[in-house]
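Engineer: I'd like to ask you about the structure that follows.
The values are calculated or read from the model by the stated rules, or taken from the named source; none is laboratory data. Owing to the predicted nature of the structure, the values given are computational and were not obtained by experimental measurement. Don't worry about glycine lacking a Cβ; one is built from the backbone with ideal geometry, like all the others, and counts go over all protein chains shown.
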Amino acid sequence: MVKISAVCGMGLGSGLLVKMGIEKVLESHGYKPLDDFLVEVADISTARATFPDIFVTTSEFAERLYDVKAEIITVKNLFDKKEIEASLLETFIKVYEKNK
Amino acid sequence: MNIIDFLTTVLSNAAVLVGLISMLGLLALKKPFGIVLSGTLKTIIGFIILGAGAGVVVNAVVPLGDLFNQVLNIADAALPVNEVFVAIAQKSLGPQIGLVFLFAFLLNLVLARFTKLKYIFLTGHHTLFIATLSVGMLSVMPFFAGNEFLLIAIASIISAIWMVVFPALSAPFMKEIIGSEDFVMGHFGTTNYVLAGFLGQFVGNKEDSTENIKFPAWISFMKEPLVAMGFVMFLIYFIVGAIGAGKGIDVAGILGSYWAYRGLLLALSFAGGIGVILLGVRMVLAEVVPAFHGIAEKIVPDAKPALDCPAVFPYAPNAVLVGYLASIVGGLVAMAVQIAAGGSIGGVILPSMIIHFFVGGTAGVFGNSTGGWKGAVLGGFLTGVMFTLLAGTTYSALGAMNPEWQGASFGDTDFGVLGNVLAWVGSLLK
């Protein structure tokens, strides 16, 4: 199981859109929510305390995720599933295989 | 047992009502039983957390009101934090707000399906805010007294119109910023975003972009809303406290002994309470928004999503910081004007870092897209001035009519525009 945190400023709007995008992308590749992955939304101030395997955020907030062990993926167009797929999938599979 | 009475009791609880809305959405998307159950319960729990956070925030700002009152003789000072107002308004108007939240979304679908305004507003917390503001403003008008049906209908129509018209206004500028027509702006600071984009072309050159500026690394802590909010609240407590101490006022009598340290704790409690409210809102939205989105995709497949403002941040991150800082300056100027005017132009609006960062920062991105860094500065500055002045008069209109709402107000510019329009209409209907 891979735990992913979708991070934005307040954890209300754009983080939720990223979460929905990630879920769609991973499900389209045959991964099952809850069994294979879990995506949570977090705000930037509390994100470091969510301890995911992978953070997905924008460059704007990535610099505030300092000293974390998790992988950090940055995306530019939050609503572009192709971009989420291109930037996340490889790292996801790597972590997924490791956690198995 | 009286069935009608029982149903009214259940549905008049906003948490349960919105929980049921989530449940309907999840059922419509044919989610498995486990997810329908957990989603429904999490929505209700989220609402309860929201209410608890409001208590923490209110306790942390009450001493600030006393301090302003006794030190600066300002009786009417408010922090424009939408989340706090929503949490407080839930107590008296929860079910009406819950229903307007649902009907505004459904009307948005109808407008997107049958008019040229093909936008689906996906920023759930702003739908909740516009529903709360319209219900709040209408509920204090004697015209709507005793007519709940009309109140909910009109509030839903106003909210739905706001949810398609403002994204439409942002569309030409969004194309310039993101270089595609993938999405438009779904955030109620759009009056300022459009103004920043429009005025930018007259003051500067877009080649002179903010993205060529190098900022010192330490300043990035201001990008965390909770941290920035706690930090600035402490400065406010400290500055007003110091002025009071200078005047010989017993500041320790208001805040407690070691008043500066108490001020620090109150400021951080305030930020902590905001964090709790955010958690509650997040839990509600995480269930409702994907359900709404799934339904919207089925009914209006060709619609464009209207997204939350940080969606444009990656396209000009420096412009966000420039607009944010310029907005703080504009807000302080407007606050000074409000203090000098002594109540004749509405309440005094204290600096809310959440609004300055998100609305000011986004106005910076829009201004930068047409006028470079000069456009970003102007866009941010105007944001601070305008939302502060508009929130001041909105606050007076709301607070004067319902004492429960003292100390809280709406921030973002489009809420200020709506608040003032409704206050004006309300004065005609008297």
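Each row is one residue, and each column tells you yes or no for (1) within 8 Å of another protein chain (Cβ to nearest Cβ); (2) of a type in the set (Ser, Thr, Tyr); (3) assigned to a helix (DSSP H, G or I); (4) in contact with a Lys or Arg (Cβ under 9 Å, 6 or more places away or on another chain).
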{"site": "B:GLY273", "(1), (2), (3), (4)": "no, no, yes, no"}
{"site": "B:ILE277", "(1), (2), (3), (4)": "no, no, yes, no"}
{"site": "B:GLU287", "(1), (2), (3), (4)": "no, no, yes, yes"}
{"site": "B:LYS298", "(1), (2), (3), (4)": "no, no, yes, no"}
{"site": "B:PRO301", "(1), (2), (3), (4)": "no, no, no, no"}
{"site": "B:PRO305", "(1), (2), (3), (4)": "yes, no, no, no"}
{"site": "B:LEU321", "(1), (2), (3), (4)": "no, no, yes, yes"}
{"site": "B:SER327", "(1), (2), (3), (4)": "no, yes, yes, no"}
{"site": "B:GLY330", "(1), (2), (3), (4)": "no, no, yes, no"}
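Engineer: Residues that are in contact with a Cys (Cβ under 8 Å, 6 or more places away or on another chain), within 22 Å of B:ASP308 (Cβ to Cβ) and of a type in the set (D, E, K, R): does segment A:30-53 have at least one?
Structural biologist: Yes, segment A:30-53 contains at least one residue that is in contact with a Cys (Cβ under 8 Å, 6 or more places away or on another chain), within 22 Å of B:ASP308 (Cβ to Cβ) and of a type in the set (D, E, K, R).
Engineer: Could we say that A:ILE73 is in contact with a Ser or Thr (Cβ under 8 Å, 6 or more places away or on another chain), more than 8 Å from every other protein chain (Cβ to nearest Cβ), farther than 26 Å from B:VAL276 by Cα and at pLDDT 90 or above here?
Structural biologist: Yes.
Engineer: Kindly indicate which of B:ILE21, B:ILE97, B:ILE88 is surrounded by 15 or more Cβ atoms within 10 Å (Cβ to Cβ), farther than 27 Å from B:ALA296 by Cα and under 25 Å from the mean Cα position of the chain (by Cα).
Structural biologist: Exactly one residue qualifies, and that residue is B:ILE88.
Engineer: Next question, about the same structure. Can you list residue pairs whose Cβ atoms sit under 6 Å apart, with the first residue in segment B:170-184 being in contact (Cβ under 8 Å) with a residue 12 or more places away in the chain and the second being surrounded by fewer than 16 Cβ atoms within 10 Å (Cβ to Cβ) and part of a helix (DSSP H, G or I)? Count only pairs 6 or more apart in sequence or on different chains.
Structural biologist: Going by the 6 Å Cβ cut-off, the qualifying pairs are B:GLU181/B:LYS175.
Engineer: Please determine, by comparing only the residues of segment B:112-124 that are part of a helix (DSSP H, G or I) and either crowded, with 23+ Cβ neighbours inside 10 Å or at positive phi (or both), which one is nearest to the other protein chains (Cβ to nearest Cβ).
Structural biologist: B:GLY124
Engineer: Let me ask another. Using the structure shown, decide if A:GLU23 is surrounded by fewer than 18 Cβ atoms within 10 Å (Cβ to Cβ) and not in a loop (DSSP other than H, G, I, E, B).
Structural biologist: The answer is no for A:GLU23.
Engineer: Okay, moving on. Among the residues of segment B:100-114, which ones are within 15 Å of B:LEU133 (Cβ to Cβ) and aliphatic (A, V, I, L, M)?
Structural biologist: B:VAL100, B:ALA104
Engineer: Output yes when any residue across segment A:1-14 is surrounded by fewer than 19 Cβ atoms within 10 Å (Cβ to Cβ) and either in a strand (DSSP E or B) or within 10 Å of another protein chain (Cβ to nearest Cβ) (or both), and no when none is.
Structural biologist: Yes, segment A:1-14 contains at least one residue that is surrounded by fewer than 19 Cβ atoms within 10 Å (Cβ to Cβ) and either in a strand (DSSP E or B) or within 10 Å of another protein chain (Cβ to nearest Cβ) (or both).
Engineer: Working carefully through the options B:ALA311, B:ALA336, B:ALA340, find the one that is assigned to a helix (DSSP H, G or I) and touching a residue at least 40 places away in the same chain (Cβ under 8 Å).
Structural biologist: Testing whether each residue is assigned to a helix (DSSP H, G or I) and touching a residue at least 40 places away in the same chain (Cβ under 8 Å) leaves just B:ALA311.
Engineer: Looking only at segment B:204-230, which residues are buried (at least 17 other Cβ atoms within 10 Å of the Cβ) and not basic (Lys, Arg)?
Structural biologist: Once the filter is applied, which keeps residues that are buried (at least 17 other Cβ atoms within 10 Å of the Cβ) and not basic (Lys, Arg), segment B:204-230 yields B:GLY204, B:SER209, B:THR210, B:MET222, B:GLU224, B:PRO225, B:LEU226, B:VAL227, B:ALA228, B:MET229, B:GLY230.
Engineer: Check segment B:26-33 and report whether any residue there is in contact with a Pro (Cβ under 8 Å, 6 or more places away or on another chain), among the hydrophobic types (A, V, I, L, M, F, W, C), crowded, with 22+ Cβ neighbours inside 10 Å and on the phi < 0 side of the Ramachandran plot.
Structural biologist: no
Engineer: Return the residues of segment B:36-62 that are touching a Leu at 6+ places or on another chain (Cβ under 8 Å) and farther than 24 Å from B:THR394 by Cβ; say none if nothing qualifies.
Structural biologist: Listed by number, the residues that qualify are B:VAL36, B:GLY39, B:THR40, B:GLY46, B:ILE49.
Engineer: Still on this model: For segment A:85-100, state whether one or more residues are over 24 Å from B:CYS309 (Cβ atoms), at pLDDT below 90 and away from chain B (no Cβ under 14 Å).
Structural biologist: Looking through segment A:85-100, at least one residue is over 24 Å from B:CYS309 (Cβ atoms), at pLDDT below 90 and away from chain B (no Cβ under 14 Å).
Engineer: Moving on to the next point. Identify all residues within segment A:29-62 that are in contact (Cβ under 8 Å) with a residue 40 or more places away in the chain and more than 12 Å from chain B (Cβ to nearest Cβ); write none if there are none.
Structural biologist: Result: A:HIS29, A:TYR31, A:ASP36, A:PHE37, A:PHE51, A:PRO52, A:ASP53, A:ILE54, A:PHE55, A:VAL56.
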